[in-house]
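In what follows, a single structure is set out as structure tokens and then discussed.
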Amino acid sequence: MSFRSLRYFNAVAETGSISAAMQTLNVSQAAITEGIQRLEAHLGSLLFRRHARGMALTHAGHEFFRHTQRILGAVATAEQALAVRPDSLAGDLVIGATSPLTGYYLPGLLERYRRTFPRIHTRVLEDAGHFIEHQLINGEIDVALTTISVLENAAAFHTALLVRSPWRLWLPLSHRFAERGSVSLAELREESVIVLRNDELEKVSGDLWRDAGIRPKVTVKTRSTEATRSLVATGSGVCLLPEVLFRAWSLEGERLVAIPITEEIPPLEIGVAWRRGAALGAATEGFLAVAREYGQHQGNALGALRGADGTGVRRA
């Protein structure tokens with residue numbers, strides 16, 4: 001099935017005759033007829049019924065026509081996007097982001113976007129996940145960097161996955177489990193636990209403890225990821241958090257490690273979300289393209305990080 005054959009089919013479906021399609025496309029009758037015949041042979045369905053006044057779509061033809069319109073429209077949009085030089089594109093983009101992704105994922109993504117589209121003025125609004133969702137729905141922001149695996153109104157958005165981040169147990173280097181390949185939640189029943197105050201992460205980690213039948217001994221709750229890292233590194237407790245937030249050193253220069261959990265825990269899915277049905281401007285389309293590229297890079301980097309010497313991340 002060729003793109004040229006799709007164009008021929010679409011032209012005949014829109015004009016109702018091969019002769020009219022010939023004038024629209026400026027190609028021969030033989031080329032159009034052959035292209036449609038190839039499509040019908042490939043699909044195993046009759047797409048047109050020939051009659052004295054021209055060509056009429058069959059039921060299968062109507063179904064196929066709907067899809068070809070989307071395909072050709074998407075190709076046209078892509079061609080328009082590529083025709084615009086990124087460094088000449090100007091405009092505004094409002095990005096929503098949830099904490100702590102603002103500090104641990106957005107900076108690199110934003111730097112790459114600004115380098116690619118230097119004339120786009122970006123503005124970032126950080127908020128809790130449910131507020132970010134409301135702002136997207138109300139059109140107050142164009143796109144959001146968030147945890148797409150825990151969206152409250154998932155049906156209201158399109159999403160693009162950037163990174164799947166597994167959950168890890170953060171431990172001080174001196175902890176008795178620090179050299180273990182993995183640890184089960186049941187083994188943490190008597191451990192002091194540090195909790196990072198974040199709506200999305202607290203909900204998921206709370207569900208994990210609850211499903212394991214454990215009421216954790218929470219000793220500290222903090223909204224600061226850096227404070228969490230320092231508290232863990234200095235032995236105040238352990239912490240259950242996604243790997244994407246992990247760094248092997250605290251601000252005080254103390255080491256910590258992150259090891260896998262034995263239980264099968266769905267990874268946290270980090271991605272971008274935008275309102276379903278919203279017309280995307282060139283600035284937003286560009287951000288999505290850069291985000292996908294950056295997500296692939298970060299995913300590869302996280303994969304290389306696991307088990308690498310000096311990172312503090314243990315291989316499952």
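Just a few scattered comments:
- Among the residues listed as 253, 235, the single one being free of Cβ contacts under 8 Å to residues at least 12 places away in the same chain, surrounded by fewer than 17 Cβ atoms within 10 Å (Cβ to Cβ), assigned by TED's automatic domain parsing to the domain that holds residue 174 and over 26 Å from the mean Cα position of the chain (by Cα): 253
- Filter pass, residue 196 being free of Cβ contacts under 8 Å to residues at least 60 places away in the same chain and of a type in the set (A, V, I, L, M, F, W, C): no
- The lone exception for residue 206 - which of (1) out of contact with any Asp or Glu (no Cβ under 9 Å at 6 or more places or on another chain); (2) surrounded by 17 or more Cβ atoms within 10 Å (Cβ to Cβ); (3) not β-branched (Val, Ile, Thr) it fails: (2)
- Among the residues making up segment 12-31, those that are part of a helix (DSSP H, G or I) and either over 17 Å from residue 53 (Cβ atoms) or not assigned by TED's automatic domain parsing to the domain that holds residue 50 (or both) are 24, 25, 30, 31.
- Residue list for segment 46-69, filter: loosely packed, with under 15 Cβ neighbours inside 10 Å and within 14 Å of residue 14 (Cβ to Cβ): 56, 62, 66, 69
- Every listed requirement among (1) in a loop (DSSP other than H, G, I, E, B); (2) within 32 Å of the chain's Cα centre (by Cα); (3) not assigned by TED's automatic domain parsing to the domain that holds residue 121 is met by residue 99 save one, (3).
- Exactly one residue out of 226, 152 is surrounded by fewer than 20 Cβ atoms within 10 Å (Cβ to Cβ), in the same structural domain as residue 275 (by TED's automatic domain parsing) and either modelled with pLDDT under 95 or part of a strand (DSSP E or B) (or both): that is 152.
- Test: residue in segment 180-198 that is crowded, with 20+ Cβ neighbours inside 10 Å, of a type in the set (S, T, N, Q), at pLDDT below 95 and under 30 Å from residue 127 (Cα atoms): yes
- Hey, residue 299 outside the structural domain of residue 144 (by TED's automatic domain parsing) and at pLDDT below 85 or not: no
- Those residues of segment 102-138 which are within 16 Å of residue 287 (Cβ to Cβ), of a type outside the set (Ser, Thr, Tyr) and not in a helix (DSSP H, G or I), in sequence order: 117, 118, 119, 120, 121, 123, 124, 125
- In segment 224-247, the residue that is farthest from residue 164 (Cα to Cα) out of those that are touching a helix residue (DSSP H, G or I) at 6+ places or on another chain (Cβ under 9 Å) and among the aliphatic types (A, V, I, L, M) is 238.
- Take the conditions (1) over 30 Å from residue 117 (Cβ atoms); (2) without any contact (Cβ under 8 Å) to a residue 24 or more places away in the chain; residue 78 misses just one of them, which is (1).
- Of all the numbered requirements in (1) outside any strand (DSSP E or B); (2) more than 30 Å from residue 140 (Cβ to Cβ), residue 220 misses one, and that requirement is (1).
- Among residues of segment 212-223 that are free of Cβ contacts under 8 Å to residues at least 24 places away in the same chain, those with a beta-carbon under 8 Å from a residue that is surrounded by 12 or more Cβ atoms within 10 Å (Cβ to Cβ) at least six positions away or on a different chain give the pairs 215/209.
- Search result, residues across segment 103-139 that are more than 21 Å from residue 297 (Cα to Cα) and of a type in the set (S, T, N, Q): 122, 135, 138
- For segment 105-134, taking the residues that are touching an Asp or Glu at 6+ places or on another chain (Cβ under 7 Å) and closer than 28 Å to residue 241 by Cβ, the one that is modelled with the highest pLDDT is identified as 133.
- Any hit, segment 94-101, residues being of a type in the set (Ser, Thr, Tyr) and under 17 Å from residue 295 (Cα atoms): yes
- Close Cβ contacts (under 7 Å, 6 or more residues apart or on different chains) running from residues in segment 156-182 that are under 22 Å from residue 263 (Cα atoms) and outside the structural domain of residue 285 (by TED's automatic domain parsing) to residues that are assigned to a strand (DSSP E or B) and among the hydroxyl-bearing types (Ser, Thr, Tyr) are absent.
- Cβ-Cβ distances below 9 Å connect the following pairs, each with a first residue in segment 87-106 that is aromatic (Phe, Trp, Tyr), a second residue that is at pLDDT below 95 and in a strand (DSSP E or B), and a separation of six or more residues or different chains: 105/162; 105/163; 105/270.
The values are calculated or read from the model by the stated rules, or taken from the named source; none is laboratory data. Since the model is a prediction, treat every value here as computed from it, not as a measurement. Counting neighbours? That spans all protein chains shown, and the Cβs are built from the backbone with ideal geometry, glycine included.
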